[in-house]
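Take a look at the structure set out below.
Any read-out appearing in this document is the output of simple, stated calculations on the displayed coordinates, not a laboratory observation. Values in this document were obtained by computation on a predicted structure and should not be read as measured data. Here the Cβ is made from the backbone with ideal geometry for all residues, glycine too, and neighbour counts use every protein chain on show.
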Amino acid sequence: MEYPTFPVDWGRDSMAFLACQTLNMFEKSAHLYDLAYSFKDYAAESAWVRSTIRSRVPEARSLLDVACGTGKHLEQLRDDFTCQGLDLNPELAEIAQERTGIKVHGASMDSFDIGERFDAVVCLFSSIGYSNDLPGAISSMAHHLNPGGVLIVEPWLRPDQWIAGHVQVLDQEADGIRLLRMTTSWVEGSQSVLDMHYLVGSPSGIEHLVETHRLTLFSLAEYQSAFLASGLMFEFDQDGPIGRGALIGLAS
């Protein structure tokens, strides 16, 4: 796999700096990703994705999963579609490719071109919130659709859904590893900032990791505008795969 590099002057190129920040979002915790999100029902979520694709593109045969993480959705969908994945984080992309045997590209969702088109493109688990260029991300995804193809994006929280001062505690354990993650959060401008502290206990000791994640609180109007600007018909499903809704676009 080839991964993006950023040969820039950090003092002047703020967008590249933001891109690098996004790359580093799971830099410390990629190996803990599956444990942290082991509560997710990937089979049920993938069943929703499969049904939504089939209801709009009955003969869909190919699928691209953008920001695919460790490939848990791809693992469920690979028997129904010829799949590929894409993720900016090299460690997550490597895990996904090893898990599924599927080709996983290293690239930013905000601007990518892998030279292929698909019947369905999906971006799940609110990964779109990490975008620093929503129109660019939606345009890049739409560019990879076959005529009549479908784009499904699971949104991050909208500004009207944000709960200020919420503290979240996650506690998971598997294979002799105990993970405790406490997250505090706040808003800076249009971004939600999540300060995540991990305590990772194993027979060798306890490790403390800290990450800061920034996800933009895009409005429904911003999503709709990005879809329409990319030439997609726009539909909003209130529920989506996990209750956060889903943005659905059909290519002409």
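At a glance:
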| quantity | calculated |
| --- | --- |
| For the chain, built as a Gaussian network whose Cα springs stay under 10 Å, the top-fluctuating residue of Ser127, Ser190, Ser139 | Ser190 |
| Label selected from [x] 28, 21, 19; [y] 72, 25, 15; [z] 33, 19, 16, the criterion being semi-axes √(5λ) of the Cα gyration tensor in Å as computed here | [x] |
| The chain: relative contact order in percent, alpha carbon pairs under 8 Å with at least 6 residues between | 18 |
| Potential extension, Gln161-Ala221 segment - 0.36 nm per residue separation minus Cα distance | 20.2 nm |
| Residues with amide H under 5 Å from that of Ser131, placed H, sequence gap 5 or more | Thr216 |
| Gly149 long-range amide H proximity, modeled H, under 5 Å | Ala251 |
| Fewest-first ranking of Ser29, Ser111, using other Cβ atoms within 10 Å as the exposure measure | Ser111, Ser29 |
| Estimated [θ] at 222 nm from DSSP helical runs (n ≥ 4, -39500 (n - 2.57)) normalised by residues in the chain, nearest 500 | -7500 deg cm²/dmol |
| Antiparallel DSSP beta bridges within the chain, percent to nearest 5 | 70 |
| Label point distance in nm, Glu27-Glu235, each placed 7 Å from Cα along Cα→Cβ | 4.1 |
| Most mobile listed residue (Val187, Val122, Val150) in the chain, GNM with C-alpha springs under 10 Å | Val187 |
| Per-residue HN-Hα couplings for region 203-213 [Karplus 6.51, -1.76, 1.60; θ = phi - 60°; Hz; x = Gly/Pro] | x, 8, x, 10, 10, 10, 10, 10, 9, 10, 10 |
